[in-house]
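Have a look at the structure below, then the notes.
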């Protein structure tokens with residue numbers, strides 16, 4: 001199941017060949033494991049429980065692995081108040097993030113919001129910046145499938 005989670009991640013990120021190879025290994029293991037459970041029929045409840053437990057643990061471990069791998073990009077959109085707008089732009093840019101300031105019209109009048117493209121590995125660093133500057137700021141994070149260009153923090157050596 002851990003492989004299944006990673007395979008789905010690869011599919012969502014457009015990595016077809018990696019997904020196909022992982023799928024091959026996944027099904028190979030699945031057939032071997034299921035063959036052991038079905039050997040002698042479904043009379044041995046402990047084999048069935050062990051298989052179901054392995055399935056559940058595999059999902060859990062796979063989600064942890066996927067989180068650690070953090071492959072891909074995200075879009076972070078923040079809606080700070082005017083009091084914090086400049087500080088958000090300055091602090092995010094100091095941290096190496098590209099920030100785009102966008103002006104729009106909301107229900108209660110003009111509003112300025114900030115858009116930041118980031119790698120999934122940088123998400124918690126960006127969210128911690130928001131908490132430091134103004135924890136009350138409304139924001140949302142969206143998965144971004146394809147990007148070209150942009151400003152991203154450099155890897156520290």
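Read-outs throughout are calculated quantities, based only on the coordinates presented, and are distinct from any laboratory measurement. These numbers were taken from a predicted model, which means no experiment stands behind them. Positions of Cβ are generated from backbone atoms using ideal geometry, with glycine treated the same way; all protein chains shown enter the neighbour counts.
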- Query: For the pair residue 56 and residue 29, how long in nm is the line joining their label points, each one 7 Å along Cα→Cβ?
  - Reply: 1.9 nm
- Specify whether the C-alpha gyration tensor of the stretch 33-77 places it in the rounded, prolate or oblate class, a ≥ b ≥ c being the square roots of the eigenvalues: rounded for a/c under 1.5, otherwise prolate if a/b is larger than b/c and oblate if not. prolate
- Order by neighbour count: 5, 116, fewest other Cβ atoms within 10 Å first, most last. 5, 116
- Task: With everything on Cα atoms, drop me the angle between helix 82-94 and the longest principal axis of the chain, reported from 0 to 90° to the nearest 10.
- Result: 60 degrees
- GNM flexibility winner over the chain from 72, 62, 104 (Cα, springs under 10 Å): 104
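Hey, any idea what Rg/Rh is for the stretch 45-143, computing Rh the Kirkwood way over Cα pairs?
A ratio of 1.22.
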- Task: Once you have a ≥ b ≥ c as the square roots of the Cα gyration tensor eigenvalues for the stretch 2-69, tell me rounded if a/c is under 1.5, and otherwise prolate or oblate according to whether a/b is larger than b/c.
- Result: oblate
- Note on the structure: One finds the C-alpha centres of the stretch 83-97 and the stretch 15-78 to be spaced, in Å, by 41 Å
- Note on the structure: A student applying the Cα gyration tensor rule (rounded when a/c is under 1.5; otherwise prolate if a/b is larger than b/c, oblate if not) would label the stretch 100-148 oblate
- Message: Helix 16-38 against the longest principal axis of the chain: what's the angle in degrees, Cα atoms only, rounded to the nearest 10?
- Response: 40 degrees
- Message: Given contacts defined as C-alpha pairs under 8 Å and at least six residues apart, what's the relative contact order of the stretch 2-69, whole-number percent?
- Response: 48 percent
